[in-house]
Amino acid sequence: MTTLTESDAKRDDYRRLENDRHRERNVTLDEAATVVIHATLPSELATQVQSY
């Protein structure tokens with residue numbers, strides 16, 4: 001059985017924070033892409049592109 005040291009726990013906390021930041025950024029990029037797609041393409045084509 002392995003035990004977590006304080007540095008292991010801090011490293012795991014840091015990784016969790018980094019993963020959360022990346023997840024938040026990815027959602028923002030997806031939302032931005034949706035806005036750009038709908039702003040630049042006709043609505044019917046934009047819906048097809050977005051679902052792809």
Difference of contour (0.36 nm per residue) and Cα-Cα distance, GLU6 to GLU18: 2.5 nm
Whole-Hz couplings from phi, Karplus 6.51/-1.76/1.60, listed for the range 15-32; x for Gly and Pro: 4, 4, 4, 4, 4, 4, 4, 5, 4, 4, 5, 5, 4, 4, 5, 4, 5, 5
Gap separating the Cα centres of the range 3-18 and the range 19-52, nearest whole Å: 33
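Here, each number is a calculation from the coordinates, and none is a lab measurement. Note that the coordinates shown come from a computational prediction; the quantities given were computed from them, not determined experimentally.
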